[in-house]
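Taking it in order: structure first as structure tokens, then the write-up.
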Amino acid sequence: MLKGKTVVLGVCGGIAAYKAVEVVSRLVKCGAAVHVIMTAAAAQFVTPLTFREISGQPVYTTMWEEPKLWNVEHIALARRADLFVIAPATANMIGKIANGIADDFLSTTVMATTAPVLIVPAMNTEMYLSAATQTNLKILADRGFHLMKPESGPLACGTAGIGRLPEPAAIVGQVAAHFAIAKSLQGVRLLVTAGGTREAIDPVRYIGNRSSGKMGYAIAAVAAERGAEVTLISGPVALAAPSGVTRISVESALEMRDAVLAAFPTVDIVIKAAAVADYRPEVVADQKIKKQSASMTIDLIKNPDILAELGSSKSGQFLVGFAAETQELAKNATEKLCRKNLDMLVANDVTQAGAGFESETNIVKVFYQDGFSEQLPQMSKRELAAVLLDRVQQQRSKIDRN
Ligand code: CTP
């Protein structure tokens, strides 16, 4: 996995900096080219010479050195990286990256890279759990940075708790896992729907729902990072299109249906995370409806079930549906999976705290065509997106084998 890969390792000033030496040693033994950047504080704990000897490469500690090569070194390193790792990452460096501060070689290079970045924090428990660090880590997770959780145990400050740098073997394992999945969807065409639809009542009013689009957007982003060609058909949401994704914006269920049916024959996987309105007003008023009597009635007619249409006409596409339930989750999910001819169904009980619409996290149970189901723990929508894509990939390779 690591042969021929270029890893840039940023080392910050913490006692765990000595463990980064073993990280470099293991990466080099696995065939990676490792370029080390140290902060000034890191150089107080371990000498640059140690990293230079272990990596066999020059070590970068300051912006102001005589250049070793005739190019802008931090930009050259930022471009050369297949993966950027920061281990140990201090609260200070995490804060700088999250807030766009670039005042030393490491923070400048991280800002200039388009490579994926893995951040491995290590610090005192209270610093790690502080609102500032947790907010900064969340900002980074939302921006697509990969985070590794510190371990619990005795700390250099004499206390015990969460904050220890994971063992070098675990960090290298995470790096290898990254390269294993990095391009695992290369050549695969994926269609994702996201957000809620708006069903017009008159020129100024509509019937909508609470879908934020976050789940579908997270799936689109992670799939693109894994190399898939992603088309995102989205209802109106307040989110930017993830990089590398083609977004088609729609409003109503009927517009979403047209866009989905047009793309369907050319894709391999469809993930329908959108919250499509089941009904729409039968008549859309041309002019704004004026208030008159004490009550009013709007007649609604059923929208086509896009997912069911795909299920009845699929020819080799892997079809994933979502189900938002408030009761009898397993029964309803199994029935939906079967009725809509799906390969996988992701069901959540939207009455649970930390699940469903507008929430930052989700708690879902995944149902498979072969009758199995799997309860997943509460996790961020981005983490869940990665797990769901893992499952889609596993299921598709099972189908290929049979
Ligand atoms: N869906 C769709 N077209 C619709 C309604 C829903 O494609 N008109 C899709 C959604 O994108 C989602 C799945 O169907 O993937 C489940 O939506 P949900 O509203 O939970 O289920 P319904 O089938 O509409 O059933 P019910 O509302 O009775 O629970």
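The values are calculated or read from the model by the stated rules, or taken from the named source; none is laboratory data. Here the structure is a predicted model, which means the values were calculated and not measured. Cβ sites come from the backbone with ideal geometry, for glycine too, and all protein chains shown count toward neighbours. Please note that ligands, DNA and RNA were not included when accessible areas were found on the heavy atoms of the full protein model with its side chains. Shrake-Rupley method; radii C 1.70, N 1.55, O 1.52, S 1.80 Å.
Within the stretch 322-352, take every residue that is touching a Gly at 6+ places or on another chain (Cβ under 8 Å) and open to solvent by less than 10 Å² (accessible area, probe 1.4 Å) and give me the one that is farthest from the ligand (Cβ to nearest atom).
That would be M344.
Mind checking whether some residue in the stretch 335-348 is assigned by TED's automatic domain parsing to the domain that holds G196 and within 23 Å of A238 (Cβ to Cβ)?
Yes - at least one qualifying residue is present in the stretch 335-348.
Restricting attention to the stretch 74-107, and to residues there that are assigned to a loop (DSSP other than H, G, I, E, B) and β-branched (V, I, T), which single residue is least open to solvent (accessible area, probe 1.4 Å)?
Across the stretch 74-107, the extreme among qualifying residues is T90.
Of all the residues that make up the stretch 355-394, how many are in a helix (DSSP H, G or I) and not basic (K, R)?
Here the count works out to 11.
Here are some residues: I171, I233. Which one is farther than 29 Å from R26 by Cα, surrounded by 14 or more Cβ atoms within 10 Å (Cβ to Cβ) and among the hydrophobic types (A, V, I, L, M, F, W, C)?
Criteria check complete, one pass: I233.
Condition check ((1) free of Cβ contacts under 8 Å to residues at least 40 places away in the same chain; (2) closer than 17 Å to A200 by Cβ) across all residues:
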residue: K272; (1), (2): no, no
residue: A285; (1), (2): no, yes
residue: I306; (1), (2): no, no
residue: E358; (1), (2): no, no
residue: T361; (1), (2): yes, no
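For the stretch 240-284, how many residues are open to solvent by less than 50 Å² (accessible area, probe 1.4 Å), within 17 Å of the chain's Cα centre (by Cα) and more than 20 Å from L342 (Cβ to Cβ)?
3
Name the residue, out of V23, V36, that is assigned to a helix (DSSP H, G or I) and open to solvent by less than 10 Å² (accessible area, probe 1.4 Å).
Exactly one of V23, V36 is assigned to a helix (DSSP H, G or I) and open to solvent by less than 10 Å² (accessible area, probe 1.4 Å), namely V23.
Can you pull out every residue in the stretch 5-20 that is assigned to a strand (DSSP E or B) and either touching a Ser or Thr at 6+ places or on another chain (Cβ under 6 Å) or surrounded by fewer than 24 Cβ atoms within 10 Å (Cβ to Cβ) (or both)?
Once the filter is applied, which keeps residues that are assigned to a strand (DSSP E or B) and either touching a Ser or Thr at 6+ places or on another chain (Cβ under 6 Å) or surrounded by fewer than 24 Cβ atoms within 10 Å (Cβ to Cβ) (or both), the stretch 5-20 yields only T6.
Considering (1) more than 9 Å from the ligand (Cβ to nearest atom); (2) surrounded by 12 or more Cβ atoms within 10 Å (Cβ to Cβ); (3) without any contact (Cβ under 8 Å) to a residue 40 or more places away in the chain, say which one I289 fails and leave the rest.
Condition (3) is where I289 drops out.
Checking the structure you have, find out if any residue of the stretch 42-59 is in a loop (DSSP other than H, G, I, E, B) and within 27 Å of G227 (Cα to Cα).
No, there is no match, as no residue in the stretch 42-59 is in a loop (DSSP other than H, G, I, E, B) and within 27 Å of G227 (Cα to Cα).
Conditions tested, residue by residue: (1) modelled with pLDDT under 95; (2) among the β-branched types (V, I, T); (3) within 15 Å of the ligand (Cβ to nearest atom); (4) outside the structural domain of E325 (by TED's automatic domain parsing).
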residue	(1), (2), (3), (4)
V204	no, yes, no, no
S211	yes, no, yes, no
A220	no, no, yes, no
L232	no, no, yes, no
G235	no, no, yes, no
R247	no, no, no, no
R257	no, no, yes, no
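I'm trying to understand the selection: among the residues of the stretch 54-83, which are among the basic types (K, R) and at pLDDT 70 or above?
Across the stretch 54-83, the qualifying residues are R79, R80.
From the set of residues in the stretch 177-202 that are at pLDDT 95 or above and among the aliphatic types (A, V, I, L, M), which is surrounded by the most Cβ atoms within 10 Å (Cβ to Cβ)?
V192
Of all residues being touching a helix residue (DSSP H, G or I) at 6+ places or on another chain (Cβ under 8 Å) and over 15 Å from M344 (Cα atoms) in the stretch 360-382, which is most open to solvent (accessible area, probe 1.4 Å)? Just the residue, please.
Across the stretch 360-382, the extreme among qualifying residues is E360.
Looking only at the stretch 308-321, filter to residues that are within 10 Å of the ligand (Cβ to nearest atom) and under 24 Å from the mean Cα position of the chain (by Cα); which one of those is farthest from Q394 (Cα to Cα)?
Restricting to residues being within 10 Å of the ligand (Cβ to nearest atom) and under 24 Å from the mean Cα position of the chain (by Cα), the top hit is G321.
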